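Below is one structure, written out as structure tokens, with a few remarks after it.
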Amino acid sequence: MPNVKIGRNSRIRRAIIDTGAEIPESSVIGYDAEEDRAPGYTVTDSGIVVVPGNAMPVDDETLADVAALH
């Protein structure tokens, strides 16, 4: 992915990663909602983790709007 840094040995599932995001080495994202919220990531009601390039919260309605554009 261009303009995204994902550290070595990271595990990611069910995530949207925004441009400019930097994920540290050995990160685990999308496996435990409470752990995903700790670094400030948004976790939607449906379990999608949003890793922002900036600090902008996203909810399920916003995700549906974005998906409708594509």
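The values are calculated or read from the model by the stated rules, or taken from the named source; none is laboratory data. The structure displayed is predicted, hence computed values, not measured ones. Reconstructed Cβ throughout: ideal geometry from the backbone, glycine too, with neighbour counts over all protein chains shown. Just so you know, the surface numbers come from the protein's heavy atoms only, side chains and all, with ligands and any DNA or RNA stripped out. Shrake-Rupley method; radii C 1.70, N 1.55, O 1.52, S 1.80 Å.
Can you tell me which residue in segment 1-49 is surrounded by the fewest Cβ atoms within 10 Å (Cβ to Cβ), limited to those that are of a type in the set (Lys, Arg) and part of a strand (DSSP E or B)?
Going through segment 1-49, the residues of a type in the set (Lys, Arg) turn out to be 5, 8, 11, 13-14, 37.
In the following step, the residues that additionally are part of a strand (DSSP E or B) were identified as 5, 11.
Working: 5: 12, 11: 10.
Applying the filter and picking the extreme gives 11.
Within segment 10-26, residues that are closer than 12 Å to residue 51 by Cα and of a type in the set (S, T, N, Q) sit with their Cβ atoms under 9 Å from residues that are at pLDDT below 95 and open to solvent by less than 90 Å² (accessible area, probe 1.4 Å), at 6+ positions apart or across chains, in these pairs: 19/4; 19/53. Within segment 52-69, not a single residue is open to solvent by 60 Å² or more (accessible area, probe 1.4 Å) and modelled with pLDDT of 90 or more. Only a single criterion out of (1) touching a strand residue (DSSP E or B) at 6+ places or on another chain (Cβ under 7 Å); (2) at positive phi is not satisfied by residue 9, namely (1).
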